[in-house]
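Beneath this line is the structure, given in structure tokens, with notes to follow.
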Amino acid sequence: MNDYYADLGVARDASADEIKKAYRRAARKLHPDVNSGPEAEEQFKKVSQAYDVLSDPEKKRSYDMGADPYSGAGAAGFGQGFSFSDVMDAFFGAGAGQAQGRGPRSRQARGQDALVRLDLDLVDAVFGAEKELTIDTAEGCGTCHGAGTQPGTGTRTCDVCQGQGQVQQVQRSFLGQVMTSRPCVNCQATGQVIEAPCYECSGDGRVRTRRTLTIRVPAGVDTGTRIQLAGEGEVGPGAGPSGDLYVEVAVRRDQRFQRQGDDLHATVELPMTAAALGASVPFETFDGEQELDIRAGTQSGEQILLRGLGVTHLRGSGRGDIIVHAMVATPTRLNQEQEDLLRRLATLRGEEKPTGQIANPADGSIFGKLRDAFKAR
């Protein structure tokens, strides 16, 4: 029984990649186009047969168990049991032989994906919405129905590539004559030439058009969210399958709320008296007017929570919150009566001569609350 490992010069535990590299090295040296000696030709046959066995997992397993797939069948000739692409790989690297035997290209192809931007108000991001979107795209030609030819005409076989979609070229190299293939530019590798292109689409099988479609924007989207609409992109050449349409959302800035995740932040300005005495003030939300309870002694920077009135969670149930930041407004213009009342209040509270003590930001002072409020923004 032949020792195929020895013929290729590899160990019995050689990997598939090592076996292929060994075959390439041997083929470069022994191929008849490079070495015309009779011994080289015979050795090339042995190497080719060894590679055919060791590169096939089933044949290799059978051979390692003691069976020879070629026992009694004689030596394999060039081209028996292995593909021509293996020989091309040996000379030019992996993939070189893949161009051989490639047939003409189809005139139909998948269309390109399209990306458009959709501007939304914050309220649409909170609850979701249906929006109309106008896009410029490509659709199948209604005159030729994708054929690319004028009605009543057809295509003919390309004179340059004879319908193969490729043209072959012989080049000389140090290895001798090498034949290469390249796509035919006369027929765009399709093998067929349109004699009378459609006057509507100029032979492309599709035309540019503007159309409007209605899309459903899910609740919870944010700037940068992309919505995929399968099959709503451009129709391919030759009226091929359509690509996909991607809608990228951009949420406009809102005058009242600032979004952070699924929470909405807002600032409400309170009169000094309301902050000191407490009050209930109306506050407008996307769900309608709500009553905002201001506790007595509210300080600037304190937060008031309205649960479940924020943005709907895009993935999952429920909604975020509205976080209202209180800002106590100090009066700047007082009439004489108001000034007298405040001076009397200061006297009653023993605040005629305030000390102005420095507060520790780490405690619950107004400075600490303002710091936390700005961090939350």
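This table checks each residue for (1) on the phi < 0 side of the Ramachandran plot; (2) at pLDDT below 50; (3) exposed (fewer than 13 other Cβ atoms within 10 Å of the Cβ).
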| position | (1), (2), (3) |
| --- | --- |
| Gln80 | yes, yes, no |
| Gly95 | no, yes, yes |
| Gln100 | yes, yes, no |
| Ala109 | yes, no, no |
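Consider the range 127-142. How many of its residues are within 17 Å of Arg208 (Cβ to Cβ), surrounded by fewer than 17 Cβ atoms within 10 Å (Cβ to Cβ) and over 24 Å from the mean Cα position of the chain (by Cα)?
Number of matching residues: 1.
List the strands (runs of 3 or more DSSP E) inside the range 172-290, counting only whole elements, that have at least 2 residues being within 31 Å of the chain's Cα centre (by Cα). So that I can check it myself, show each step before the final result.
Working: elements: 176-183, 192-194, 206-217, 226-229, 245-251, 258-260, 263-271, 279-285.
Because the criterion is at least 2 residues that are within 31 Å of the chain's Cα centre (by Cα), the strands (runs of 3 or more DSSP E) in the range 172-290 that meet it are 206-217, 226-229, 245-251, 258-260, 263-271.
If we keep just the residues of the range 53-63 that are in a helix (DSSP H, G or I) and in contact with a helix residue (DSSP H, G or I) (Cβ under 7 Å, 6 or more places away or on another chain), which is farthest from Asp7 (Cα to Cα)? Quick ask: steps written out before the conclusion?
Taking the range 53-63 and keeping what is in a helix (DSSP H, G or I), we get 53-54, 57-63.
If we keep only those that are in contact with a helix residue (DSSP H, G or I) (Cβ under 7 Å, 6 or more places away or on another chain) too, we end up with 53-54, 59-60, 63.
On the way: Val53: 11, Leu54: 11, Lys59: 16, Lys60: 14, Tyr63: 14 Å.
By that ranking, first place goes to Lys59.
From the list Glu302, Glu289, which one is charged (D, E, K, R) and either in contact (Cβ under 8 Å) with a residue 40 or more places away in the chain or within 19 Å of Thr225 (Cβ to Cβ) (or both)? Before the answer, list the steps.
Numbers: Glu289 fails: either in contact (Cβ under 8 Å) with a residue 40 or more places away in the chain or within 19 Å of Thr225 (Cβ to Cβ) (or both).
On inspection, the qualifying residue turns out to be Glu302.
In the list Pro282, Pro271, Pro237, Pro241, which residue meets the criterion of being loosely packed, with under 13 Cβ neighbours inside 10 Å, touching a residue at least 40 places away in the same chain (Cβ under 8 Å) and of a type outside the set (A, V, I, L, M)?
Working: Pro282 fails: touching a residue at least 40 places away in the same chain (Cβ under 8 Å); Pro271 fails: loosely packed, with under 13 Cβ neighbours inside 10 Å; Pro237 fails: loosely packed, with under 13 Cβ neighbours inside 10 Å.
Going through Pro282, Pro271, Pro237, Pro241 in turn, the sole match is Pro241.
The values are calculated or read from the model by the stated rules, or taken from the named source; none is laboratory data. In this text, all values refer to a predicted model and were calculated from it rather than measured experimentally. Every residue, glycine among them, receives a Cβ derived from its backbone with ideal geometry; neighbour counts consider all protein chains shown.
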